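To keep things clear, I will list the structure first and then write my remarks on it.
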Amino acid sequence: MGEFGLIDRLVRQVQDPSLDPLKPSPDGEIRVGDDAAVWRSQRGGWDLFTTDALVEGVHFKLATTGWRDLGWKALTENLSDVAAMGGTPRRAFVTLGLRPETLVSDLEALYQGMREAADEFGVAIVGGDTVASPITLISVGVQGELEGSGLRRACGRAGDVVAVTGALGGSAGGLELLELGVVDPLDAEERALVERHRRPWPRVREGLALAKAGVRCGMDLSDGLLGDAAKLAHASGVGLTIAYDMVPVEAALTSRFGDRARPMALAGGEDYELLFAAPAPVIEASTAALADAGLTSLSSIGQLTAEKPGQVRVVDAAGREVRVGRGSWEHFAGGTDRRDS
């Protein structure tokens, strides 16, 4: 069934069957199907809430990821979901499942990493829960605010230009180095890749700038460009074509992995860049807005099409289809759940 098939099955147990899970409800709320839930707040705007979990042995190994980095990552991957909606994160809630032998000093390091991320992005850690567990589990929920319509997966239209912020594949390169035993990188390129994996940077400020520039369709890249592009296209009821040579690749990834770099950029997860689509004039305005604010640049990588909804094609400069190989990450698919080190 896979992760997303399971989610669809469970949604049918809790949601009004007359509602399309990929579209806002008549009152504008989003319950399931986007990067965060959205509902009308008493102040007249919109409130957001998102939650995600990190499980030892599935998402991380303590042998290769220190507690402080783990704290940073646990919070920032949730901040990325708020960024994906064009929202502002405000409060975080942390639930910990801990082995009885866990050291208090390690938990202090975990919270130091979370506090560093919270201070960087103006978030208050306000509550949560702590329980004993046979494995380490970190579940973070983040509440935020949204002005205007923000970014939503279902707002793309055929003909829109598809773009991403930053460069891709760095986290996948860092993960591979860690799996090869490069826990303490010696050169600058290896350090850059491992840092991208251990300390992702959520594009909160970029999300706000894109929404202000007029972008309405977007999400973050957590499971890999190929898989996440399919989710955006499916939600918008369109196809999506990616120009292989236009995908921006992390420079250190190209230097370290050569010809493997671009396929890793297409399929590798946890980049936490923003994927979005808009008419060409809005993309031009967004490019200028990011540059004026001194934020990360964007790259146009393709177009939404009138093809089968959810279908993603990768083509070369001559329009020939490119076979990339493995797809993006999905829990419960392929016989293994393990994603990270």
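The values are calculated or read from the model by the stated rules, or taken from the named source; none is laboratory data. Bear in mind that the values here come from a model prediction, so they are computed numbers and not experimental data. Using ideal geometry, Cβ is built from the backbone for each residue, glycine included, and neighbour counts are taken over all protein chains shown.
Residue check: Leu240 meets all listed conditions (1) in a helix (DSSP H, G or I); (2) farther than 28 Å from Gly71 by Cβ but one, namely (1). Tallying residues that are within 15 Å of Ala278 (Cβ to Cβ) and not aliphatic (A, V, I, L, M) within segment 194-213 yields 3. Would you check if Asp259 is without any contact (Cβ under 8 Å) to a residue 24 or more places away in the chain, over 16 Å from Ser299 (Cβ atoms) and not hydrophobic (A, V, I, L, M, F, W, C)? Here the answer is yes, as Asp259 does meet what is asked.
Would a scan of segment 96-110 turn up a residue that is among the aliphatic types (A, V, I, L, M), surrounded by 15 or more Cβ atoms within 10 Å (Cβ to Cβ) and closer than 30 Å to Leu290 by Cβ? No, segment 96-110 contains no residue that is among the aliphatic types (A, V, I, L, M), surrounded by 15 or more Cβ atoms within 10 Å (Cβ to Cβ) and closer than 30 Å to Leu290 by Cβ. Here Glu29 fulfils each of the conditions (1) at pLDDT 65 or above; (2) at positive phi; (3) not assigned by TED's automatic domain parsing to the domain that holds Val104 apart from (2). Set side by side, the residues Ala251, Ala211, Ala229, Ala280 differ, and just one is within 15 Å of Val324 (Cα to Cα) and out of contact with any Phe, Trp or Tyr (no Cβ under 7 Å at 6 or more places or on another chain), which is Ala229. Restricting attention to segment 29-60, the residues that are more than 15 Å from Thr95 (Cβ to Cβ), over 15 Å from the mean Cα position of the chain (by Cα), surrounded by 16 or more Cβ atoms within 10 Å (Cβ to Cβ) and touching a residue at least 24 places away in the same chain (Cβ under 8 Å) add up to 7. For segment 183-213, taking the residues that are in contact with a Pro (Cβ under 8 Å, 6 or more places away or on another chain) and of a type outside the set (Val, Ile, Thr), the one that is nearest to Cys155 (Cα to Cα) is identified as Leu193. Within segment 221-246, the residues that satisfy the criterion of being among the hydrophobic types (A, V, I, L, M, F, W, C) and more than 15 Å from Ser171 (Cβ to Cβ) are Ala229, Ala230, Leu232, Ala233, Ala235, Val238, Leu240, Ile242, Ala243, Met246. Set side by side, the residues Leu304, Leu295, Leu274 differ, and just one is closer than 17 Å to Asp228 by Cβ, within 19 Å of the chain's Cα centre (by Cα), at pLDDT 95 or above and assigned by TED's automatic domain parsing to the domain that holds Leu193, which is Leu274.
Annotation: of all residues in segment 247-285 being touching a strand residue (DSSP E or B) at 6+ places or on another chain (Cβ under 6 Å) and over 24 Å from His197 (Cβ atoms), the one that is surrounded by the fewest Cβ atoms within 10 Å (Cβ to Cβ) is Ala280. Does Ser105 meet the test of being polar (S, T, N, Q), at pLDDT 95 or above, in contact with a strand residue (DSSP E or B) (Cβ under 8 Å, 6 or more places away or on another chain) and not in a strand (DSSP E or B)? In short, no.
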